[in-house]
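The values are calculated or read from the model by the stated rules, or taken from the named source; none is laboratory data. This is a predicted model, so every value here is computed, not measured. When we count neighbours, we look across all protein chains shown, and the Cβ atoms used for this are built from the backbone with ideal geometry, even at glycine.
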């Protein structure tokens, strides 16, 4: 389902490393809710498959990858999967706590949840500032409404993994109005050319 994740972990187990490139890739994003849900369902389903394959022999995987890489894998992959399943229920609990007389959260719980949302939004806004583009600022500010949708995709992915492990919904491309945002090039440093001196014959 997610061959890039699967190949990445296989390479890590063989001693290779990978990195992130700086330039944007200009990938096309889904433009409808259904297309987005299908894409996220496929991704989460693939990540669950990758996690299950990786954890068939966790001790061997940790030995091959190294403890640091193995811990980082769980920090990124495992916690990402858990977050996808938790976002929706957490949002429901917060709304019930705010809009009803029933108190489901303590003050500390509420502050902690609010702090988590604010930190993630601040990180996204910081990325906008560093790239000198506010194109994603609106998305950053609407994250609290966006994240619970990932829970819908997560539960769809779990259902598909159990009952349809070999099926996936392919994302249709070429359906959105694509706009290229000009990313300013880094300033060029002036390097003086070396002077060539030729000695003449006497």
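Residue pairs whose Cβ atoms lie under 7 Å apart, sitting 6 or more positions apart in sequence or on different chains, and linking a residue in region 5-30 that is closer than 21 Å to residue 173 by Cβ to a partner that is surrounded by 13 or more Cβ atoms within 10 Å (Cβ to Cβ), are 5/46; 5/47; 5/50; 28/176; 29/176; 30/36; 30/39; 30/171. Can you spot a residue in region 113-123 that is touching a helix residue (DSSP H, G or I) at 6+ places or on another chain (Cβ under 6 Å) and at pLDDT 90 or above? Taking every residue of region 113-123 in turn, none turns out to be touching a helix residue (DSSP H, G or I) at 6+ places or on another chain (Cβ under 6 Å) and at pLDDT 90 or above. When region 12-48 is examined, which residues are found to be under 20 Å from residue 84 (Cα atoms) and out of contact with any helix residue (DSSP H, G or I) (no Cβ under 7 Å at 6 or more places or on another chain)? 29, 32, 33, 34, 35, 36, 38, 39, 42, 43 - these are the residues of region 12-48 that are under 20 Å from residue 84 (Cα atoms) and out of contact with any helix residue (DSSP H, G or I) (no Cβ under 7 Å at 6 or more places or on another chain). Annotation note: of 56, 63, the sole residue that is more than 15 Å from the chain's Cα centre (by Cα), surrounded by fewer than 13 Cβ atoms within 10 Å (Cβ to Cβ) and outside any helix (DSSP H, G or I) is 56. When only residues in region 138-171 that are over 30 Å from residue 110 (Cα atoms) and assigned to a loop (DSSP other than H, G, I, E, B) count, which is modelled with the highest pLDDT? Here the residue is 164. Scanning region 12-37 for residues that are in a helix (DSSP H, G or I) and either loosely packed, with under 10 Cβ neighbours inside 10 Å or more than 16 Å from the chain's Cα centre (by Cα) (or both) turns up 12, 13, 33, 34, 35. Inclusion of residue 114 among residues that are over 16 Å from the mean Cα position of the chain (by Cα), within 27 Å of residue 46 (Cα to Cα) and not in a loop (DSSP other than H, G, I, E, B) is not warranted.
Output yes when any residue across region 124-143 is over 21 Å from the mean Cα position of the chain (by Cα) and surrounded by 14 or more Cβ atoms within 10 Å (Cβ to Cβ), and no when none is. No - not one qualifying residue is present in region 124-143.
To keep it simple, each residue is scored yes or no on (1) touching a residue at least 24 places away in the same chain (Cβ under 8 Å); (2) under 30 Å from residue 13 (Cβ atoms).
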| position | (1), (2) |
| --- | --- |
| 52 | no, yes |
| 76 | no, yes |
| 88 | yes, no |
| 109 | no, no |
| 133 | yes, no |
